[in-house]
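Below is one structure; the comments refer to it alone.
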Amino acid sequence: MHLYTDESEFIPMPGVGDDRLGLDISDRYLGAAGVRDFFTAWEEAWEVFEADPQEVLDFGDTYLILLRLHGRARGSGLEIDQNAGHLYRWRRGMIVRAELYGTREQALAVVGLSQ
């Protein structure tokens, strides 16, 4: 959490509205404390969860990490196995905004690329 400032924005699954896989997470978290709250809720929601980085795209102060997600939700047993993309914007060595996209296509589109 030491890479987030008090003003950092952490946006899990932007653009999906209220459909966050049925998980009890907010659409926006602020600062290191907010990021900590997100990961606490995320860990409680999943019985098993793995994120395997596949590729990192460097755009200067912005990095897009393309990854493969595997997981099984606690309680419902919902299983996921999908590609995703996490976008991180940096300023002065700190993350100022993180956007966690549920699909690779969404994440690539944000940086003006297609599959």
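crowded, with 19+ Cβ neighbours inside 10 Å and under 27 Å from GLU44 (Cα atoms), is that true of LEU78? Walk me through how you get there before you give the answer.
Values: crowded, with 19+ Cβ neighbours inside 10 Å: no; under 27 Å from GLU44 (Cα atoms): yes.
Criteria not met by LEU78.
Sort out which residues of region 8-42 are among the acidic types (Asp, Glu), modelled with pLDDT of 90 or more and either out of contact with any Ser or Thr (no Cβ under 9 Å at 6 or more places or on another chain) or assigned to a loop (DSSP other than H, G, I, E, B) (or both), and write them in order of number.
Within region 8-42, just GLU9 meets the criteria.
I'd like to check something: does region 56-67 contain any residue that is under 15 Å from PRO12 (Cβ atoms) and either over 15 Å from the mean Cα position of the chain (by Cα) or among the acidic types (Asp, Glu) (or both)?
no
Could you check ARG68 against (1) under 22 Å from HIS2 (Cα atoms); (2) surrounded by 14 or more Cβ atoms within 10 Å (Cβ to Cβ); (3) charged (D, E, K, R) and say which number it fails?
The number of the failed condition is (1).
Here are the criteria: (1) in contact with a strand residue (DSSP E or B) (Cβ under 9 Å, 6 or more places away or on another chain); (2) without any contact (Cβ under 8 Å) to a residue 24 or more places away in the chain. Tell me which single one LEU64 does not satisfy.
Against the list (1) in contact with a strand residue (DSSP E or B) (Cβ under 9 Å, 6 or more places away or on another chain); (2) without any contact (Cβ under 8 Å) to a residue 24 or more places away in the chain, LEU64 comes up short only on (2).
Among ILE65, ILE80, which is assigned to a strand (DSSP E or B) and at pLDDT below 95?
Of ILE65, ILE80, the one residue that is assigned to a strand (DSSP E or B) and at pLDDT below 95 is ILE80.
Just checking, does region 91-101 include any residue being over 28 Å from ASP6 (Cα atoms), in a strand (DSSP E or B) and not β-branched (Val, Ile, Thr)?
no
The values are calculated or read from the model by the stated rules, or taken from the named source; none is laboratory data. Everything numeric here is computed off the predicted structure, so don't read it as measured data. Glycine also receives a Cβ, built like all others from the backbone with ideal geometry; neighbour counts cover every protein chain displayed.
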